[in-house]
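Remarks on the structure that follows.
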Amino acid sequence: MHYPDLDMSDGLAEALRRGASGLGPALDGLVQGFGRAELATDRGTVSVWVAAEERSFGIAIHESGVEWASGATDDLGRARRAVAAWQSGAHLDDYAAEFPFMKVGTLARAFAEGRVADARWEELLASEYPTGGQRLLVRLASFGELRRFLPEISYGELRFTEPPPHRDCRVFRVECDGEAFRVTVRGAAPEESREYTLGDLDEVARHIAGFFAAD
């Protein structure tokens, strides 16, 4: 009903490729994902989906856990051009100017400049809605050796990972547990994962740095 100009009988990816002549080879790489079309590019994966309740083409671009840009438009041609322009290597600011419905991710520019960890620290430390994890991050901010790791906060738990583009599956989790700190680490292999308790922030900082320094 909302997409009379789009034949999705063979999937969204094929529907988007139809009528895309003149946009170069970009849309040839679109494949059908789970409820969306996806395109792998040199700067992450572009995902495209359609809304059910209204005419809207949603687009999101992610790389290594960082959102480059996301947005939506009701114009099929603009959606196709936005996908093709990103695959063609458009500069982030030029891309945002050409497609104003695409909003640049909060860490995108820092990611492009190679300072995503610093930007995430700044973002979380400046939060106006402190949680247990944010308060713990404030206490750890004085340990300069930790500033090269990427902090994340979820449900009061503070996590550290390697920053992109070199992120791996290792995660260091820490929570306040009364006067002590409950730590969970997940290594590259299942046998490297473990849980333990540390007595003070100095120990926590040393263990975070040592965990990621280990091969």
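What number, in percent, do you get for the relative contact order of the chain if the mean sequence gap of Cα pairs under 8 Å and at least 6 apart is divided by its residue count?
Values: 335 pairs, mean separation 21.8, N = 215.
About 10 percent, as a whole number.
Report, to the nearest 10°, how far helix 76-87 tilts away from the longest principal axis of the Cα atoms in the chain, using its own Cα long axis and a range of 0 to 90°.
Around 50 degrees separate the two axes.
Would you work out what percent of the accessible area of region 1-71, with all protein chains in place, is carbon or sulfur (probe 1.4 Å)? Don't jump to the answer; show the numbers that get you there.
Values: 1910 of 3760 Å².
Carbon and sulfur atoms account for 51 percent of the accessible area of region 1-71.
In a GNM of the chain with a 10 Å cut-off on Cα contacts, which of PRO164, PRO190, PRO130 has the highest mean-square fluctuation?
For the chain, modelled as a Gaussian network with Cα springs under 10 Å, the answer is PRO190.
What shape does region 25-104 take by its C-alpha gyration tensor, where a ≥ b ≥ c are the square roots of the eigenvalues and a/c under 1.5 counts as rounded, a/b above b/c as prolate, and the rest as oblate? Working shown, then result.
On the way: a/c = 1.43, a/b = 1.14, b/c = 1.25.
Rounded, because the longest to shortest axis ratio a/c is under 1.5.
Is the shape of region 127-193 rounded, prolate or oblate, going by the alpha carbon gyration tensor and its root eigenvalues a ≥ b ≥ c, with a/c under 1.5 for rounded and a/b larger than b/c for prolate?
Numbers: a/c = 1.88, a/b = 1.33, b/c = 1.42.
Oblate shape, in that a/c is at least 1.5 and b/c is the bigger or equal ratio.
Going through region 71-143, which GluC sites (Glu not before Pro) have at most 13 other Cβ atoms within 10 Å and a DSSP loop state? Spell out each step's value before the answer.
On the way: sites: GLU98, GLU113, GLU122, GLU123, GLU128; in loops: GLU113, GLU128.
Those that pass, being in a loop and sparsely packed, are GLU113, GLU128.
What do you get for chymotrypsin sites (Phe, Trp or Tyr not before Pro) in region 122-215 restricted to DSSP loop and a cutoff of at most 14 other Cβ within 10 Å of the site's Cβ? All intermediate terms of the calculation are to be shown ahead of the outcome.
Working: sites: PHE143, PHE149, TYR155, PHE160, PHE172, PHE181, TYR196, PHE211, PHE212; in loops: PHE143, PHE149, TYR155.
When the chymotrypsin sites (Phe, Trp or Tyr not before Pro) of region 122-215 are filtered for loop state and at most 14 Cβ neighbours within 10 Å, TYR155 remain.
In whole angstrom, note down how far apart the Cα centers of region 140-213 and region 1-15 are.
Each part's Cα centre sits 46 Å from the other's.
From the list [x] -0.39, -0.82, -1.07; [y] -0.34, -0.79, -1.16; [z] -0.40, -0.95, -1.28, can you say which value of log10 I(q)/I(0) by the Debye sum over Cα atoms at q = 0.08, 0.13, 0.17 Å⁻¹ was derived from the structure given?
Step by step, log10 I(q)/I(0) by the Debye sum over Cα atoms at q = 0.08, 0.13, 0.17 Å⁻¹ for this structure corresponds to label [x].
Could I have the simple spin-label model distance between ASP168 and SER142, label points 7 Å from Cα toward Cβ, reported in nm to one decimal?
That separation, rounded to one decimal, is 3.2 nm.
So if I place +1 on the C-beta of Lys and Arg and -1 on the C-beta of Asp and Glu, and nothing else carries charge, what would the dipole magnitude of region 94-215 be about its Cα centre? I want it in debye, nearest 20.
On the way: 16 positive and 22 negative charges, 26 e Å.
Dipole size: approximately 120 debye.
Can you tell me which of GLU191, GLU157, GLU54 moves the most in a GNM of the chain? Springs connect C-alpha atoms under 10 Å apart.
The residue that fluctuates most here is GLU191.
Using a 1.4 angstrom probe, figure out how much accessible area region 1-130 has per residue, in square angstrom, rounded to the nearest whole.
On the way: 6870 Å² over 130 residues.
Heavy-atom SASA per residue in region 1-130 reads 53 Å².
Expressed as a whole percentage, what fraction of the accessible surface of region 74-215 belongs to carbon and sulfur atoms when a 1.4 Å probe is rolled over the protein heavy atoms? Write out the running numbers ahead of the final one.
Details: 3580 of 7560 Å².
With neighbouring chains kept in place, the figure for region 74-215 is 47 percent.
The values are calculated or read from the model by the stated rules, or taken from the named source; none is laboratory data. Quick caveat: nothing in here was measured; it's all calculated off a predicted structure. Counting neighbours? That spans all protein chains shown, and the Cβs are built from the backbone with ideal geometry, glycine included. Heavy atoms of the whole protein, side chains included, go into the accessibility calculation; ligands, DNA and RNA do not. Shrake-Rupley method; radii C 1.70, N 1.55, O 1.52, S 1.80 Å.
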